[in-house]
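Just below is one structure, and these are the notes that go with it.
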Amino acid sequence: MNKKADSLLFLAWAASLIATLGSLYFSEIMKYEPCLLCWYQRILMYPMVILLGAAYVRKDFQMAFYSSILSGIGLLFSLYHYALQKVSFLTESAPTCGRVPCTGEYINVLGFITIPFLALTGFTIIFITSLFIIKSLKEDN
């Protein structure tokens, strides 16, 4: 397999690791309680650290197919969550997520960087790198 796919797989794994460590930092060190949508995003992100890490070690580039599905679904959850925070008509009519409202913003850097935005960035990086890996696999065959 080519070095490009190897580097992309490492990048996808690194993005999943950073996103996981970031979410653990916010909840365990900063004591920010995750809302329901945050939990759904975590459920999709956390396993990718192990799956992509094992795939990188084994040079199993077929894992990109599965990571593209997980990250694509996570991307949609993050995009919806971010829209709930930033689009006024969605914010006003947002359903209750439980004890912690999904519209709450624990952080808001530069007026647009919130926790769902960070998750969206991580899922997008993994999704795009997975698509590039799949493309390189097709080119090699």
Next on the checklist: I'm trying to understand the selection: among the residues of the stretch 74-106, which are without any contact (Cβ under 8 Å) to a residue 40 or more places away in the chain and part of a loop (DSSP other than H, G, I, E, B)?
Outcome noted: V87, S93, A94, P95, T96, T103, E105
Checklist entry - If we scan the stretch 64-79, do we find a residue that is of a type in the set (A, V, I, L, M) and closer than 14 Å to L8 by Cα? => result yes
Item to check | Extreme residue, surrounded by the most Cβ atoms within 10 Å (Cβ to Cβ), among residues of the stretch 51-69 that are without any contact (Cβ under 8 Å) to a residue 40 or more places away in the chain and in a helix (DSSP H, G or I) | outcome: L51
Checklist entry - Quick check: is even one residue across the stretch 108-115 modelled with pLDDT under 95, buried (at least 16 other Cβ atoms within 10 Å of the Cβ) and in contact with a helix residue (DSSP H, G or I) (Cβ under 9 Å, 6 or more places away or on another chain)? => result yes
Checklist outcome for this item: Given the conditions (1) more than 19 Å from T121 (Cβ to Cβ); (2) assigned to a helix (DSSP H, G or I), every one holds for E33 apart from (2)
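So that you can scan it fast, the table gives a plain yes or no per residue for (1) more than 18 Å from L137 (Cβ to Cβ); (2) of a type outside the set (A, V, I, L, M); (3) more than 14 Å from the chain's Cα centre (by Cα); (4) buried (at least 21 other Cβ atoms within 10 Å of the Cβ):
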| site | (1), (2), (3), (4) |
| --- | --- |
| P47 | yes, yes, no, no |
| S71 | no, yes, no, yes |
| K86 | yes, yes, yes, no |
| E92 | yes, yes, yes, no |
Checklist entry - Quick one: in the stretch 19-28, which of the residues that are more than 16 Å from L75 (Cα to Cα) and touching a residue at least 40 places away in the same chain (Cβ under 8 Å) is farthest from the chain's Cα centre (by Cα)? => result F26
Checklist entry - Is one or more of the residues making up the stretch 126-139 surrounded by 16 or more Cβ atoms within 10 Å (Cβ to Cβ), closer than 23 Å to L21 by Cα, among the polar types (S, T, N, Q) and touching a Ser or Thr at 6+ places or on another chain (Cβ under 6 Å)? => result yes
Checklist entry - Say we look at the stretch 55-101 and pick out the residues that are modelled with pLDDT under 85 and among the hydroxyl-bearing types (S, T, Y); which of these is farthest from W39 (Cα to Cα)? => result S88
Item to check | Which numbered condition E105 fails, given (1) within 18 Å of the chain's Cα centre (by Cα); (2) charged (D, E, K, R); (3) surrounded by 16 or more Cβ atoms within 10 Å (Cβ to Cβ) | outcome: (3)
Checklist entry - In the stretch 25-54, how many residues are at pLDDT below 95, of a type in the set (A, V, I, L, M) and farther than 12 Å from A119 by Cα? => result 3
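The values are calculated or read from the model by the stated rules, or taken from the named source; none is laboratory data. Quick caveat, the model's predicted, so the values are computed rather than measured. Every residue, glycine as well, gets a Cβ built from its backbone with ideal geometry; the counts of neighbours run over all protein chains shown.
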